[in-house]
Amino acid sequence: MDKTKLNELRAELVADRDGQLEFLEEHGADPYGEEVRDLGVANDGFADSAQATEERSEILGHIESARSRIHQIDEALERIDEGTYGVCADCGNAIVEARLEVRPLSIRCVDCAEQAA
Ligand SMILES: [Zn+2]
């Protein structure tokens, strides 16, 4: 992958991570920990209602996926810095660019990803 493309991709990943971080911040959730201070669900006596419980678990689900995405993005950025980005973690072959464009967080080539699935 050439440098220009790599820089573009890095900018995309950083922007993506910023968006996830912003979302976590809104909820007072530590991106690298377990803490969640504010689920953004009104605590007005209805907090224990089924709906509030449902909302809370939905937000917690979003927080969980934001955290894991940030983690994956961090790893991808690290690989870009190390120059190992786009190299399959299993077989060491280059991951085709078209795949990285669609799924920039891929760490395996198509063949290995299929085997792992
Ligand atoms: Zn592979």
Worksheet item: Is it the case that Leu39 is aliphatic (A, V, I, L, M), part of a loop (DSSP other than H, G, I, E, B) and not assigned by TED's automatic domain parsing to the domain that holds Cys109?
Response: yes
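One line per residue, one yes/no per condition, for (1) more than 23 Å from Ala29 (Cα to Cα); (2) free of Cβ contacts under 8 Å to residues at least 40 places away in the same chain; (3) among the aliphatic types (A, V, I, L, M):
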position	(1), (2), (3)
Leu77	no, no, yes
Glu82	yes, yes, no
Val96	yes, yes, yes
Pro104	yes, no, no
Discussion item. I need every pair where a residue in segment 53-71 that is on the phi > 0 side of the Ramachandran plot and not assigned by TED's automatic domain parsing to the domain that holds Ile107 has its Cβ under 7 Å from the Cβ of a residue that is assigned to a helix (DSSP H, G or I) and surrounded by 14 or more Cβ atoms within 10 Å (Cβ to Cβ), sequence separation at least 6 or different chains.
Written reply: none
Worksheet item: What pairs come up if the first residue lies in segment 12-29 and is outside the structural domain of Leu77 (by TED's automatic domain parsing) and of a type in the set (S, T, N, Q), the second is at pLDDT 95 or above and crowded, with 17+ Cβ neighbours inside 10 Å, and their beta carbons are under 6 Å apart, counting only those six or more places apart or on different chains?
Response: none
Worksheet item: Where residues in segment 104-117 are more than 14 Å from Met1 (Cα to Cα) and away from the ligand (no atom under 11 Å from the Cβ), which of them is nearest to the chain's Cα centre (by Cα)?
Response: Leu105
Discussion item. So, in segment 94-103, exactly how many residues are more than 10 Å from the ligand (Cβ to nearest atom) and either of a type in the set (A, V, I, L, M) or buried (at least 19 other Cβ atoms within 10 Å of the Cβ) (or both)?
Written reply: 4
Discussion item. When you scan segment 79-91, do you find a residue that is over 17 Å from Arg108 (Cα atoms) and not in a helix (DSSP H, G or I), even just one?
Written reply: no
Discussion item. Quick test for you: out of Asp74, Asp18, pick the one residue that is at pLDDT 95 or above and closer than 23 Å to Ala116 by Cβ.
Written reply: Asp74
Worksheet entry | Criterion (modelled with pLDDT under 90, away from the ligand (no atom under 16 Å from the Cβ) and part of a helix (DSSP H, G or I)) met by exactly one of Arg10, Arg56, Arg67 | Arg56
Worksheet item: Can you name the residue in segment 84-93 that is of a type in the set (Gly, Ala, Ser) and touching a residue at least 12 places away in the same chain (Cβ under 8 Å) and, of all such residues, is farthest from the ligand (Cβ to nearest atom)?
Response: Gly86
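The values are calculated or read from the model by the stated rules, or taken from the named source; none is laboratory data. Quick caveat, the model's predicted, so the values are computed rather than measured. Counting neighbours? That spans all protein chains shown, and the Cβs are built from the backbone with ideal geometry, glycine included.
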